[in-house]
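S.K.: Sharing a structure below in structure tokens format, with a few things to ask.
The values are calculated or read from the model by the stated rules, or taken from the named source; none is laboratory data. None of the values given here were measured: they were computed from a predicted structure. Cβ coordinates were reconstructed from backbone atoms using ideal geometry, including for glycine residues, and neighbour counts include every protein chain displayed.
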């Protein structure tokens, strides 16, 4: 895709952070945008801001862990704008602490949003995007935590590693359909993910308050607008990976050096 003008984009987690920045960036370039968020007020506020600026947008309350709600989101998007060209599976949450301390509810909540939210987006939108026979693009928000394991982030790591693998495979599967794929792997970004428990469903809350502090990330903290610019450039160029921080290169090198040594060790 070389232009967003006249295209239709759907962004989950669009009420704040990277999602909001993606909505606003695409709207500035002429896209019509469906803003999905579990926080209905936030989704509507972002959509109203786009409309006030002369663009076209609608807000839709959506819990991406619920397939029926994502299917309803697709119905709303197609009813409003008649097509979807860009799908950003961006909604994400996190919990902190060692895997030995994680509860079943922690796993349900994080995988439900971070992994099943992406799967539900594909289930609800991809068949229609393929049937539309127009150029398209899917952006899945993973993390540097989907490429490098970090102590104290095991549940989040698990969800994001899965999103990376899903996206790499999806890019190959969708080549015949002229639909590109990008997987976004940011490090520190000024978002509210550290406060993601604010939207945790009551039935998935733990009986006790967590005792772990959020993991301190290495490197700079980028503003969401900078990340959105990288994503839009990747969509235009049909690039699979967006790795936002050059500080991530050294940990990536160390990981692949360990993998290379493992192959050598196996030979010997």
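S.K.: Looking at the stretch 168-182, can you tell me whether even one residue there is in contact with a strand residue (DSSP E or B) (Cβ under 8 Å, 6 or more places away or on another chain), surrounded by 17 or more Cβ atoms within 10 Å (Cβ to Cβ), within 20 Å of residue 65 (Cβ to Cβ) and at pLDDT 95 or above?
M.R.: yes
S.K.: Out of the residues in the stretch 127-158 that are in contact (Cβ under 8 Å) with a residue 60 or more places away in the chain and in a helix (DSSP H, G or I), state the one that is surrounded by the most Cβ atoms within 10 Å (Cβ to Cβ).
M.R.: Only one residue fits best here, namely 156.
S.K.: Quick check on residue 86: is it free of Cβ contacts under 8 Å to residues at least 60 places away in the same chain and touching a helix residue (DSSP H, G or I) at 6+ places or on another chain (Cβ under 9 Å)?
M.R.: no
S.K.: Considering only residues that are at negative phi and free of Cβ contacts under 8 Å to residues at least 60 places away in the same chain, which ones fall in the stretch 4-24?
M.R.: Result: 5, 15, 23.
S.K.: Output yes when any residue across the stretch 183-192 is surrounded by fewer than 20 Cβ atoms within 10 Å (Cβ to Cβ), closer than 30 Å to residue 3 by Cα and in contact with a strand residue (DSSP E or B) (Cβ under 9 Å, 6 or more places away or on another chain), and no when none is.
M.R.: Within the stretch 183-192, one or more residues are surrounded by fewer than 20 Cβ atoms within 10 Å (Cβ to Cβ), closer than 30 Å to residue 3 by Cα and in contact with a strand residue (DSSP E or B) (Cβ under 9 Å, 6 or more places away or on another chain).
S.K.: For a quick check of your reading of the model, give me the residue pairs whose first member lies in the stretch 246-268 and is under 25 Å from residue 218 (Cα atoms), whose second is in a helix (DSSP H, G or I) and at pLDDT 95 or above, with beta-carbon atoms closer than 7 Å and at least 6 apart or on different chains.
M.R.: Here the result reads 248/144, each pair linking the stretch 246-268 to a residue that is in a helix (DSSP H, G or I) and at pLDDT 95 or above.
S.K.: While we're here: So residue 251 ticks every box in (1) within 30 Å of residue 85 (Cα to Cα); (2) surrounded by 11 or more Cβ atoms within 10 Å (Cβ to Cβ) but one. Which box is left unticked?
M.R.: The number of the failed condition is (1).
S.K.: Would you check which residues across the stretch 97-126 are more than 18 Å from residue 185 (Cβ to Cβ) and assigned to a loop (DSSP other than H, G, I, E, B) and list them?
M.R.: 98, 102, 103
S.K.: Going by what's in this entry, would residue 233 be described as under 19 Å from the mean Cα position of the chain (by Cα) and modelled with pLDDT of 95 or more?
M.R.: The answer is yes for residue 233.
S.K.: Yes or no: the stretch 86-100 includes at least one residue that is over 26 Å from residue 143 (Cβ atoms) and loosely packed, with under 15 Cβ neighbours inside 10 Å.
M.R.: Quick first cut of the stretch 86-100, residues over 26 Å from residue 143 (Cβ atoms) only: none.
There is no residue in the stretch 86-100 that is over 26 Å from residue 143 (Cβ atoms) and loosely packed, with under 15 Cβ neighbours inside 10 Å.
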